[in-house]
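K.L.:
The following block contains the structure, expressed as structure tokens.
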Amino acid sequence: MTEILWGSLITVYPFFSGIAAGAYIVSILPVLFKREELKEFSLLALLIAWATLITAPIPLVFHLGSPWRAGNIFIFPQSTSPMALFGYLWIIFLIISTTTIIIYNWFSNTAWFRSTVTALSVIGIVISILFSGYVGFIFGSTKSKELWYTPIVPISFVLSAIVSGAALVGLLYILIWRISRLRIDIQALNSLRKIIWWTLLLDVVFVSSEFIVKTYHPAAVWRPLSELFFRHLGLSYLGIQLIIGGIIPLIVLLFKKSISSPSIMSLMSILILAGVFAYRWNLIIGGQLVIEASPYVYTTISYVVGLLGEGGILWITSIFLVWAFLLSLALVIFPRWKVEVKLHD
Amino acid sequence: MVELAESRFIKLQEELPRLFNRWIEKKSANPRWVMVIDLTRCVGCYSCQASCKMENGVPYEYFRTHVEVIERGTYPNVRRVFLPRLCNHCDNPSCVPVCPVGATYKREDGIVVVDYERCIGCGYCVQACPYGARYSNPETGTVDKCDYCLHKLSDGEVPACVSNCMGGARIFGDVNDPESPVSKVLSSKAVATLKPETGNDPRVYYVGLEEATKIGPGEAIVINPKVGGVIRT
């Protein structure tokens, strides 16, 4: 029997953890790197990071064979396992982001406000990079899977995390500001565009170079991989990940004019998010589609997502709805993001 | 004549565990279990695969051990090689360090086991194993694999796949005992391990492995019950 062990639910997790890390990094740029123009949506980015961080483990827990033992990862963590890092990184990241939100909302007039937020941000940036990178390390260190086993994966996971986080911040900034009838700050959006463009460029370069290197692998290895890239993942790899989610946004966002219309920026953000999701999908699902029929004899299999059942479209949609609910709740219970905008104006 | 042979076979079956137990007590204060699979003696009867499933309650469509069939040549010059696969109980296993909760570990006697009470069923070890020897058991919610029939071993019996191997292709025993059948085979025959390049130091040895693994493009077809269908190289 051939089946994919890590299916669509596992694909959702690194997508969410990447967004959490990326949005958090965008949120602390004004504090750590004096990018004052980004203050416009730094609190929104923090709330996005927070809501995404809480949602991230949901698909993981539901995927476990014994979800009732999920706590074992906190009780018996094995130091040699990259996966065991999850418990500590997630908890620390959650504490830091929650504390920062609370301080911003209710203690911003205190004398210790600035120094505390700076200190939290310094720890937070390290944790957020580790949080998005360790997931890549889980795959990058797995030598049994030809597609995963590369040092590029942890790096490109961090880069694509920043890209996806920044793209979602940009998208929701435009959306929420339009709904709230607030003035969209083009300067802030332009700054975000530059961050997205440079990180996306690096990400595309890394992933493409990895692909090119793979074409030079021994024939026995490249043959199933080529079948994977051009047949099973043809649309999602070459189409969505590289062209739609990579090259097109790179071309469009190269020009400052692209942000003159928020609709174009929104569309590019959606394309980038689709590309990053496709990257997670292609790596995680794709890596398991090449199987060994006998030593050194490889073949490929197919994977289709169902509607119902574990990892089905309804499951994935439900997780996204939980995330949307949590974000809406955060925007209501931590209203400072609106106040900050008014102060900024 | 048939009845006599049958009664002797039954007697032998009853005697084997007792003899093995006595042998363990006599020879091994510090055993290190290994298996040698002599491919020149494997007839492809699948009794190891079937007996393992029955002994360990392995769910339908999953395997702790299975037999791959490699068919080489073209008609009429065709020959089949059978390659039994199982956990290699590696000395440097990929599956052990990746377990986030330390639920899988290597015992002093060389057997890599899963602590079913601690395993959370994340499947990371399944992904990490370069031999595809593990599976996620949908009935228990944990990962499962060959443990050399630990329950039988502690009763002084050999694993089910060994006792049921009609060709005597599976040889199991204590490598620390120079008189054990495995030690004798290892010292007298040329053996090889699967994928030594992984650096896992597998401890399941094969006699006559080259014919099963040195296959060029278009040279053979492979039938693997785990994969299903026929795969052309």
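K.L.:
Evaluate E = 1/(1 + (r/R0)^6) for A:ALA119 and B:LYS214, where r is the Cβ-Cβ distance and R0 equals 35 Å; express this FRET efficiency to the nearest 0.05.
P.N.:
0.05
K.L.:
Neighbour counts of other C-beta atoms within 10 Å: give me A:LEU147, A:LEU201, A:LEU327 arranged from fewest to most.
P.N.:
A:LEU201, A:LEU327, A:LEU147
K.L.:
If you find the alpha carbon centre of region A:63-117 and of region B:83-126, how far apart are they in angstrom?
P.N.:
Using only Cα atoms to place each centre, the spacing works out to 29 Å.
K.L.:
Here's another thing I want to ask about it. Give the separation of the Cα centroids, region A:137-174 to region B:161-185, in Å.
P.N.:
48 Å
K.L.:
On to the next question. Taking beta carbons within 10 Å but only from partner chains, what does the mean come to for residues B:220-227?
P.N.:
4
K.L.:
Kirkwood hydrodynamic radius, computed over distinct alpha-carbon pairs, for region A:23-133: how many Å, to one decimal?
P.N.:
Taking the inverse mean of 1/r over all distinct Cα pairs, region A:23-133 comes out at 15.1 Å.
K.L.:
Which pairs in the list B:LYS53/B:LYS152; A:LYS143/B:LYS214; A:LYS143/A:LYS214; A:LYS34/A:LYS194 are over 19 Å apart, alpha-carbon to alpha-carbon?
P.N.:
Beyond 19 Å between Cα atoms: A:LYS143/B:LYS214.
K.L.:
Turning to a different aspect of this structure: Would you mind checking which residues have amide H under 5 Å from B:ASN137's amide H? H placed 1.01 Å from N; only 5 or more apart, or other chain.
P.N.:
Those lying under 5 Å, H to H, from B:ASN137 are B:THR142, B:VAL143, B:ASP144.
K.L.:
Which residues in region B:39-61 place their backbone N less than 18 Å from a point set 7 Å from the Cα of A:GLU3 along the Cα-to-Cβ direction?
P.N.:
B:57-61
K.L.:
In nanometres, what is the gap between the two model label sites at B:TYR62 and B:LYS184, each 7 Å from Cα along Cα-to-Cβ?
P.N.:
Output for this residue pair reads 3.8 nm.
K.L.:
How far apart, in nm, are the 7 Å Cα→Cβ label points at B:ARG41 and A:LEU254?
P.N.:
6.9 nm
K.L.:
Sticking with this structure for a sec: Two decimals, Cα atoms only, Kirkwood Rh: what is Rg/Rh over chain A?
P.N.:
0.98
K.L.:
Here is a follow-up. Once a ≥ b ≥ c are taken as the square roots of the eigenvalues of the Cα gyration tensor of chain B, is the result rounded (a/c under 1.5), prolate (a/b larger than b/c) or oblate (a/b not larger than b/c)?
P.N.:
Judged from the Cα gyration tensor, chain B comes out rounded (a/c under 1.5).
K.L.:
Same structure, new question: Let's test the formula: R0 of 30 Å, r as the Cβ-Cβ distance of A:TRP112 and A:ILE186. What FRET efficiency results, to the nearest 0.05?
P.N.:
0.30
K.L.:
Going 7 Å from the Cα of A:THR80 in the Cα-to-Cβ direction, what parts of region B:100-116 have a backbone nitrogen less than 17 Å from that spot?
P.N.:
What the label zone holds, given the 17 Å backbone N cut-off, is B:100-115.
K.L.:
Please give the calculated 222 nm ellipticity per residue for chain B, where each DSSP H segment of at least 4 residues contributes -39500 (n - 2.57) and the sum is spread over every residue; nearest 500 deg cm²/dmol?
P.N.:
-7500 deg cm²/dmol
K.L.:
Net charge within 10 Å of B:ASP109 by Cβ-Cβ distance, Lys/Arg positive one each and Asp/Glu negative one each, not counting B:ASP109 itself?
P.N.:
Cβ neighbours under 10 Å give a net charge of +1.
K.L.:
Round to the nearest 0.05 the FRET efficiency obtained for A:TYR303 and A:LEU267 when R0 = 30 Å and r is the Cβ-Cβ distance.
P.N.:
Once rounded, the FRET efficiency stands at 0.55.
K.L.:
In what sequence, highest mean first, do B:112-118, A:190-196 appear when ranked by Cβ atoms within 10 angstrom?
P.N.:
Going by the mean number of other Cβ atoms within 10 Å, highest first, we get A:190-196, B:112-118.
K.L.:
What list of ³J(HN,Hα) couplings, whole Hz, do you get for region A:138-155 from phi and the Karplus terms 6.51, -1.76, 1.60, once you set θ to phi - 60° and write x for glycine and proline?
P.N.:
4, 7, x, 9, 8, 6, 6, 10, 4, 6, 8, 6, 7, x, 6, 4, x, 5
K.L.:
Which values, in whole Å and largest first, are the semi-axes of the equivalent ellipsoid of region B:119-233 obtained as the square root of 5 times each eigenvalue of the Cα gyration tensor?
P.N.:
25, 24, 15
K.L.:
Sticking with this one: Report, as an integer, the average count of C-beta atoms from other chains found within 10 Å of each Cβ along A:283-296.
P.N.:
Per residue, the average neighbour count from other chains is 5.
K.L.:
If you don't mind, there's one more thing I want to ask. Where does chain A land at 222 nm, in deg cm²/dmol rounded to the nearest 500, when only DSSP H runs of n ≥ 4 count, each adding -39500 (n - 2.57), divided by all residues?
P.N.:
That calculation yields -22500 deg cm²/dmol at 222 nm.
K.L.:
So what J values fall out for region B:146-152 if you push phi through Karplus, 6.51 cos²θ - 1.76 cosθ + 1.60 with θ = phi - 60°, rounded to Hz, Gly and Pro as x?
P.N.:
Here the 3J(HN,Hα) series is 5, 10, 6, 6, 3, 5, 6 Hz.
K.L.:
Also: Please give me the summed charge of the neighbours of A:GLY245: other residues whose Cβ is under 14 Å from its Cβ, Lys and Arg +1, Asp and Glu -1.
P.N.:
The answer is 0.
K.L.:
Each residue of region B:50-60 in turn: what ³J(HN,Hα) in whole Hz from Karplus with 6.51, -1.76, 1.60 and θ = phi - 60°, glycine and Pro shown as x?
P.N.:
5, 5, 4, 4, 5, 5, 9, x, 6, x, 4
K.L.:
Over the protein assembly as shown, with a single point scatterer placed on each C-alpha, what log10 of the ratio I(q)/I(0) does the Debye formula yield at q = 0.08 1/Å?
P.N.:
Treating every Cα as an identical point scatterer, log10 I(q)/I(0) equals -0.63.
Read the figures in this text as sums done on the coordinates, not as results from a lab. Computed from a prediction, not measured in an experiment: that's the story for all the values here. A quick note on method: Cβ atoms are made from the backbone with ideal geometry, for glycine too, and the neighbour counts reach across all protein chains shown.
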